[in-house]
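Q: The structure under discussion is supplied below as structure tokens; questions concerning it will follow.
The values are calculated or read from the model by the stated rules, or taken from the named source; none is laboratory data. Here the structure is a predicted model, which is why all the values come from computation and not from measurement. Quick reminder, even Gly has a Cβ in these numbers, built from the backbone with ideal geometry, and neighbours come from all protein chains shown. The protein model used for the area step is the full one, side chains on, heavy atoms only, and it has no ligands, DNA or RNA in it. Shrake-Rupley method; radii C 1.70, N 1.55, O 1.52, S 1.80 Å.
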Amino acid sequence: MLDKLEKRRSQYALGTNLSHTPAEIDALVRSAVRQAPSSFNSQSSRAVILFGDESRTFWRFVKETLKTIVPEQDFDKTAARIDSFAAGTGTVLFYEDQGVIEGLQQKFPLYAENFPIWSEQSTGMAQLAVWTTLADAGIGASLQHYNPLIDDKAAANWDLPPSWKLRAQMPFGSNESAPSEKPFIADETRFRSFG
């Protein structure tokens, strides 16, 4: 498993030169989300998988939204970054179903304040599972966070349930360049072992 995690890197140079079909990628994403753990087996994570024009529509929404808030002198750089995400094969939108979380809060009031925290952990695990699965299949990706700016447009365009809360976006596609080396901080700073 560690060899698979080591393949996972942020890829910003995405293309559409994949041998995988949309159906194959869709199956990989679904399986990865399905296998990701969640507290109380809540299965609160949701995924919207966008390909081709649907993915480009999402990134157009992001660009239009950012144009209204990013200073004009900085927008060209922002637009180029968004265009790099749109250049890929697709995008996975990660959601957490708040209805599931609220149901657990009612069923287990002793833990009510923890369920939103555990939900965030669940979506993080789903995101890592998908990212690692894509990387293992030779598909590049990165994790983005344009929520909540884009939430309403995305929900309206794809007719998503109001209980779904957008947590992250993962553009994916062919690796058009080698990802940069991942630096690590010193183990002495990060870890403590006892016993």
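Q: For Phe94, indicate whether it is in contact (Cβ under 8 Å) with a residue 60 or more places away in the chain, open to solvent by 50 Å² or more (accessible area, probe 1.4 Å) and among the aromatic types (Phe, Trp, Tyr).
A: When the stated conditions are applied, Phe94 does not pass them.
Q: Moving to a separate point now. Return the residue satisfying two criteria in turn: it lies in the range 145-187 and is surrounded by 13 or more Cβ atoms within 10 Å (Cβ to Cβ) and of a type in the set (Asp, Glu), and of such residues it is nearest to Gly15 (Cα to Cα).
A: Filtering first and then ranking leaves Glu176.
Q: Still on this structure, please answer the following. Residues in the range 32-60 that are under 26 Å from Pro116 (Cβ atoms) and assigned to a helix (DSSP H, G or I): how many?
A: The qualifying residues number 8.
Q: Moving to a separate point now. What number goes with the only condition from (1) among the hydroxyl-bearing types (Ser, Thr, Tyr); (2) open to solvent by 20 Å² or more (accessible area, probe 1.4 Å); (3) closer than 23 Å to Arg9 by Cα that Thr65 does not pass?
A: (3)
Q: If Ser10 satisfies all but one of (1) modelled with pLDDT of 95 or more; (2) out of contact with any helix residue (DSSP H, G or I) (no Cβ under 7 Å at 6 or more places or on another chain); (3) open to solvent by less than 50 Å² (accessible area, probe 1.4 Å); (4) not β-branched (Val, Ile, Thr), what's the number of the condition it fails?
A: (1)
Q: Quick one: what pairs do we get from the range 50-75, first residue over 20 Å from Glu24 (Cβ atoms), second of a type outside the set (Gly, Ala, Ser) and not in a helix (DSSP H, G or I), C-beta under 6 Å, 6+ apart or different chains?
A: Once the first residue is over 20 Å from Glu24 (Cβ atoms) and sits in the range 50-75, its partners that are of a type outside the set (Gly, Ala, Ser) and not in a helix (DSSP H, G or I) give Phe58/Leu50; Phe58/Thr91; Phe61/Ile150; Val62/Tyr146; Val62/Ile150; Thr65/Leu149; Thr65/Ile150.
Q: Against the definition (under 23 Å from Asp26 (Cα atoms), hydroxyl-bearing (Ser, Thr, Tyr) and either more than 17 Å from the chain's Cα centre (by Cα) or in a helix (DSSP H, G or I) (or both)), how does Thr91 come out, yes or no?
A: Taking the combined requirement at face value, the residue does not satisfy it.
Q: Same structure again: Mind checking whether some residue in the range 17-28 is farther than 24 Å from Asn157 by Cα, open to solvent by 70 Å² or more (accessible area, probe 1.4 Å) and acidic (Asp, Glu)?
A: Yes, the range 17-28 has at least one match.
Q: Taking the range 115-124, which residues are open to solvent by 80 Å² or more (accessible area, probe 1.4 Å) and in contact with a Ser or Thr (Cβ under 8 Å, 6 or more places away or on another chain)?
A: Selection gives Gln121 alone.
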